[in-house]
1. Report the Cα centroid-to-centroid distance between the range 531-557 and the range 112-184 in angstrom, as an integer.
2. Suppose the chain between Gln97 and Tyr328 were pulled fully straight at 0.36 nm per residue; how much longer would it get relative to their current alpha carbon spacing?
3. Determine the gain in length on full extension of the stretch Tyr393-Asp649; use 0.36 nm per residue of separation and subtract their C-alpha separation, reporting nm with one decimal.
4. Which whole number of Å³ per residue matches the convex hull of the alpha-carbon atoms in the range 359-416?
5. Sorting check: for 558-569, 21-32, which peptide has the highest mean count of neighbouring beta carbons within 10 Å, and how do the rest follow?
6. In whole Å, what are the Cα extents of the range 206-340 along the three principal axes, biggest one first?
7. Over the C-alpha atoms of the range 3-326, what are the Rg and the largest Cα-to-Cα span, Dmax, in Å?
8. Consider all pairwise Cα distances in the range 637-757 and report the whole-number % of them above 21 Å.
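Nothing in this text is a laboratory measurement; each read-out follows from the coordinates by a stated rule. None of the values given here were measured: they were computed from a predicted structure. Virtual Cβ from ideal backbone geometry, glycine too; neighbours counted across all protein chains shown.
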Amino acid sequence: MTMAAIALVLPMMAQPKLTKDNIDEVLAAMTLEEKATLVVGSGWGSMIAGITGGSQILVSGAAGTTQAIPRLGIPNTVLADGPAGLRINPTREGTKQTFYCTGFPVGTAIASSWDVELVENMTKAMGNEVLEYGVDVLLAPGQNLHRNPLCGRNFEYFSEDPVLSGNISAAYVNGIQSNGVGVSVKHYAANSQETARDHNDAQISERALRELYLKNFEITVRKASPWTVMSSYNKVNGEYTQQSYKLLTSALRNDWGFTGIVMTDWGAKDGTVKAVQAGNDLMEPGMPFETQRIIDAVKDGSLSMADLDRNVRRMLEYIVRTPRFKGYKYSDKPDLKAHAKAARAAATESMVLLKNDGSVLPLDGVKNIALFGATSVDFVAGGTGSGNVNKAYVVNMVQGLENAGFKLDESLKDFYQKYVDFAKINPKDIPLGGTGILLGEAKVEEAPVTRAFVESKVAGNDLAIVVIGRNSGEGADRQVEDDFDLSATERSLLSNVCNAFHLAGKKVVVVLNIGGVIETASWKAMPDAILCAWQPGQEGGDAVADVLTGKVNPSGKLPMTFPVQFTDHKSSYNFPLGNEPSGTSAFSFMGDNTRTSVNHVDYTKYEEDIWVGYRYFDTFGKEVSYPFGFGLSYTSFDYSKPTVTVAKDGSITANVLVTNSGKVAGKEAVGLYVSAPAGGLEKPAKELKAFAKTRLLAPGESQVLSFKVTPYELASFNEAANRWETAAGTYTFCFGRNVNDIPVQFKATVKAAQSFSVSE
Ligand code: BGC
């Protein structure tokens, strides 16, 4: 039917206006064309087009919108990125007003806090910006599992462990949604690499899929009821996730109880009709031809009206929850000052102290600092791509240390500032590192400096700090050379600084401004202290200073393993290296030659199966540089009085007493790792089942941390029986500082085996 014909027919049809109580009536009043319009977005950006026509931009820089049907009182709704804060355009034509958003610490950073309360508080502030800038859904959090360190978007994601990832994600969602706006938990599922992400087929065993790559999404859905979920670009076992009934309906809705909408990631796929049938309710950003496909399919009988109605009903249920539907008068003036404080607090609590020989930190009696590294000026607040945030400023390390009262070596400050300024306007002369779709800034590569130059900075300074930075982002994976591994220039800077300062009896601190894992084993002996600051958001420099000075005692712990070398990860043998697009013969893998094939860019075999991250290193006794959960403090903690009780229904309560045995106040995150009885399925030596963090404990103060684990959470997936199984027998409950450091443990017996079925 043409638009003109629709216009003629419409006045004769029922025209109820949508309320939260008349969804059935509105659905019944909708034409096929209107239904097909509502499940397809209005195109790239937040330009309203489609059935409503016009070209109004609702929120400049938002990633997409859903379409309005004014005659039925259905408004547009606005969807915008992304995980480290709201991504919209900071300036608009015709007004001097600015629309900056707060740049919060990235996903990997906040997961390192192991603190669900902290994350929820931070995203409460973030969600307020979503509401006050007129956006209905934040396209976040990203929570794909860190299968391999080289995934270009790991910085947006949380962890190599699904329990840590899922619980941090649930807290994130609860904080955002407490503002009356929604989230889109993404990218569901197994979007573990950027190379060929639009069609790569992730070939995963059923067990690894359920225990790892779906588990974190399951936890988020069960604990936080996200409004929406975003299906990923890739395929899983031969099928596009957005067309998978098993993923979108059987698992997500039938088994986990998801009641919101699923939207595609940004781009059309061939199978629009299949996506509707699978339970992918919304096509984003939406193209008119997708609407037409749906209309045609209903007309020729290949798509049932019942399937379409089901999705349309869910869309209407979503729309009535949105601020735009409720007519919320947003201010465009969120309290950015207050949110900056939340960003700084979250950043400090997320930093991980990796080394602190001779208690060089917190800095004591240090006034003059020689600050080395291009990253000290060109500080990375967050990664690139859709995860970038248009923030008003970034506090770099120079500013952070000066704000904290340190006196920086002027000649160094001047050198690095000029170098970075030059590089930014002459990127051909000084390469900009960092890969991906560069929304957000590329990073300046390290400046080569001579040994003599370094030596000349020793006399006038009390101590040296070397800042090493990394950036990456959407659209490309990271590289081993000069990225996972340090570059030759970085190595020489580090050794020159350490040699020169140590010779004079002065200390060296390394600050890592990174979004994901880098190699540390070969150089970590050199400096006296290493602080992993991650990409800590716009307040980064101040937050680093808070930790270096001891204003905040670091309590972050690694959410992933730092291996000795890249190839130690089992998944490295099936991770694409080189980023060549599909169809080039140069594409290669780490593995044996039989795998070096142009076709392999189209699929990735998850041959490591369940042996991801610490599950592999811990079980097979493989040496690591820093284990999962590692992180030092300026104080120390004793663990005592472990107890575990098993209730009649098999649910478990585990307690441990944590005492601050050192000299300054601090917080301690504890992981509850569980070893299953032998005899059943082959399992990792131990798996994280719960975690908790103490409040700030004064020296000598104690707190009981309590953990709850259900029998279902203890289960592993038995592929042959197609069900979750919890074996009976004696389990060991390990209370860990990290996965390799278990001060106390407790054995408890689960009397009856249990099993849990999954939907077909
Ligand atoms: C990304 C998503 C993002 C979307 C909208 C896609 O390219 O994969 O994470 O939400 O764009 O910007």
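1. 20 Å
2. Here the segment from Gln97 to Tyr328 would lengthen by 81.1 nm.
3. On the way: separation 256, 0.36 × 256 = 92.16 nm, distance 5.35 nm.
Computed gain between Tyr393 and Asp649 is 86.8 nm.
4. On the way: hull volume 6.5 nm³, N = 58.
Looking at the range 359-416, the number lands at 112 Å³ per residue.
5. Details: 558-569: 22.3, 21-32: 16.2.
Result, highest mean Cβ count within 10 Å first: 558-569, 21-32.
6. 53, 39, 24
7. Radius of gyration, then largest Cα-Cα span, for the range 3-326: 19.1, 60 Å.
8. On the way: 2936 of 7260 pairs.
Value for the range 637-757: 40 percent of Cα pairs lie more than 21 Å apart.
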